[in-house]
Number of protein chains: 2
Amino acid sequence: MACALREARRAALIGEVPVGAVVVVRGELVARAHNRREGDRDPTAHAELLALRDASTVLGRWRLHGAELYTTLEPCPMCAGAIIAARVDRVVFGARDPKAGACGSVVDLFAPGRFNHHPAVIGDVMAHACGQVLREFFSAKRVTSSA
Amino acid sequence: MACALREARRAALIGEVPVGAVVVVRGELVARAHNRREGDRDPTAHAELLALRDASTVLGRWRLHGAELYTTLEPCPMCAGAIIAARVDRVVFGARDPKAGACGSVVDLFAPGRFNHHPAVIGDVMAHACGQVLREFFSAKRVTSSA
């Protein structure tokens, strides 16, 4: 998660909403990414989705069995759906997202029996630090836009 | 939808699950795509997601206000989430997906008030033809694998 958090901080430095994600397979980091929605002008360029795509490229397969995804923010429906589509084994997330979280906050797309795959989930890991980088980003943005 | 269906047939020809999608803005087709998951070895390479990414590239923006997405199959959670993330105005889909549909079949991610955006939805458009291309694909696959 420390590595995902570094990715989130990189996003903040380039004006992107600071969310970071990494994919780990058997203890080895295979992909890391941060949100690039503004720079790429791509609505799908969330950290989790980019990390999953990179991991697939590295591993040469779309089924990411054996993979764990670490992300600083509870995945949105798109990213939670991508995690299901990629058959990720386990998801570890930091801060909860009461407005868009799809791992229990707004909906729970990982509820057993709902879709054809449901990963194990651990939330609230380094939640304060993961949330803090977001709070600082939006707080600085408000100061800038009211200046 | 006829154009999306042509995309689905293209997918079948290359051994991909036949789903096609197009994005239309003010009556003009700006992007078309078919499922490329196997060929690209990318779990996110569903028709809808690819069409949304292409439309963003063409239009030079991630907010696809004014866009309509036509897809031959009810979007999965990932694609429905991408539709929300891209702020698409309206979704028109063909066949329902009782196993993975996220527009009412398994969950309804577009229910008003749930997320920060909810597109208008029209389902069951050319549903028989859109479902038939999938039925034929899986039926041929069963014959091949049992031969």
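All of the numbers you see were taken from the coordinates with simple rules; none came from a lab. All of these numbers come straight from a predicted model, not from anything done at the bench. All Cβ positions, even for glycine, are placed from backbone atoms using ideal geometry, and neighbour counts span all protein chains on display.
Results, tabulated for the structure shown:
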{"item": "Residue-averaged beta-carbon neighbours from other chains (10 angstrom radius) around A:67-76", "result": "1"}
{"item": "Estimated 222 nm signal from helices in chain A, with DSSP H stretches of n ≥ 4 weighted -39500 (n - 2.57), rounded to 500", "result": "-12000 deg cm²/dmol"}
{"item": "Inter-copy separations for residue B:113, label at 7 Å along Cα-Cβ, nm, ascending", "result": "2.7"}
{"item": "Under the Karplus curve 6.51 cos²θ - 1.76 cosθ + 1.60, θ = phi - 60°, whole-Hz ³J(HN,Hα) for region A:27-32, x wherever Gly or Pro sits", "result": "x, 10, 6, 10, 7, 9"}
{"item": "Folded to 0 to 90 degrees: helix A:127-146 orientation relative to chain A principal axis, Cα", "result": "40"}
{"item": "Region A:1-107: relative contact order as a whole-number percent, Cα under 8 Å and 6+ apart", "result": "23"}
{"item": "Most mobile of A:23, A:121, A:91 in a GNM of chain A (Cα contacts under 10 Å)", "result": "A:121"}
{"item": "Inter-copy spacing of residue B:15 label points, which lie 7 Å from Cα along Cα→Cβ, given in nm from shortest upward", "result": "4.5"}
{"item": "Chain A: C-alpha gyration tensor shape, a/c 1.5 cut-off, then a/b vs b/c", "result": "prolate"}
{"item": "Top of B:69, B:13, B:109 by mean-square fluctuation, Gaussian network on chain B, Cα under 10 Å", "result": "B:13"}
{"item": "Reachable aspartates and glutamates from residue A:99, criterion Cα separation under 17 angstrom, eight or more residues apart if same chain", "result": "A:74, A:108, A:124, B:108"}
